[in-house]
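A.B. asks: If you scroll down you'll find the structure; I have some questions about it.
The values are calculated or read from the model by the stated rules, or taken from the named source; none is laboratory data. These numbers come from a predicted model, not from an experiment. Using ideal geometry, Cβ is built from the backbone for each residue, glycine included, and neighbour counts are taken over all protein chains shown.
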Amino acid sequence: MSNRGTGQGARQGAGRRAGGAGRRAGGAGANRDRYGAPAFRRLALAPGLLAVIVLVAGFALIEGSGFIVIRYAVAILALIIGYFAFQAKQWWWMPLLLAIAVIWNPVVPFGFAGIYWYGAQYLAIAVFILTAILIKVPLTEAEKPGRAR
């Protein structure tokens, strides 16, 4: 004899399915399709956070010769994130990311010194954090998990 579906767990599960206690707070359902799969990809998240780490490490190297490595990394990551912004059709990020790529350009370096580099580093960190969070590329039907390809 089975008690399937008659216990307290079954009643709680039914409440969740009906949209009660099982719903996530904050409207998380808007970021997913009707099957629970994500509706978008955050392509800029990893390079954005990596750029933030590089810029924070760059504070120690601003006056040194090792800052050239920071310049290369930041310029390349800004261009990568710019491509993802283009792909996500979020054009308003392009001027900021291109400005970062030009300012941190190691081939034709800007002659900033001291406090100006520190200020630029903080501004670039803010831009990279915002782009990492806000750039989302919507998934096409073929890219959604569990779909026939």
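Yes or no, residue by residue, for (1) within 30 Å of K136 (Cβ to Cβ); (2) in contact with a helix residue (DSSP H, G or I) (Cβ under 8 Å, 6 or more places away or on another chain):
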| residue | (1), (2) |
| --- | --- |
| G64 | no, no |
| I70 | yes, yes |
| V74 | yes, yes |
| I80 | yes, yes |
| K89 | yes, no |
| W93 | yes, yes |
| A120 | yes, yes |
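A.B. asks: Please count how many residues of segment 109-149 are modelled with pLDDT of 90 or more and of a type outside the set (A, V, I, L, M).
C.D. replies: Filtering segment 109-149 for residues modelled with pLDDT of 90 or more gives 118-135.
Add one more test, that the residue is of a type outside the set (A, V, I, L, M), and what stays is 118-119, 121-122, 128, 131.
Summing the residues that are modelled with pLDDT of 90 or more and of a type outside the set (A, V, I, L, M) in segment 109-149 gives 6.
A.B. asks: Right, here's the next one. For W104, state whether it is within 11 Å of A78 (Cα to Cα), free of Cβ contacts under 8 Å to residues at least 60 places away in the same chain, in the same structural domain as V56 (by TED's automatic domain parsing) and hydrophobic (A, V, I, L, M, F, W, C).
C.D. replies: For W104, the condition - within 11 Å of A78 (Cα to Cα), free of Cβ contacts under 8 Å to residues at least 60 places away in the same chain, in the same structural domain as V56 (by TED's automatic domain parsing) and hydrophobic (A, V, I, L, M, F, W, C) - is met.
A.B. asks: Something else: May I ask you to say which residue of A46, A99, A60, A113 is in a loop (DSSP other than H, G, I, E, B) and out of contact with any helix residue (DSSP H, G or I) (no Cβ under 6 Å at 6 or more places or on another chain)? Working first, answer last.
C.D. replies: Working: A46 fails: in a loop (DSSP other than H, G, I, E, B); A99 fails: in a loop (DSSP other than H, G, I, E, B); A60 fails: in a loop (DSSP other than H, G, I, E, B).
Matching residue, one of A46, A99, A60, A113: A113.
A.B. asks: Another one. What residue, of A120, A88, is touching a strand residue (DSSP E or B) at 6+ places or on another chain (Cβ under 9 Å) and either in contact (Cβ under 8 Å) with a residue 40 or more places away in the chain or aliphatic (A, V, I, L, M) (or both)?
C.D. replies: On the way: A120 fails: touching a strand residue (DSSP E or B) at 6+ places or on another chain (Cβ under 9 Å).
The match here is A88.
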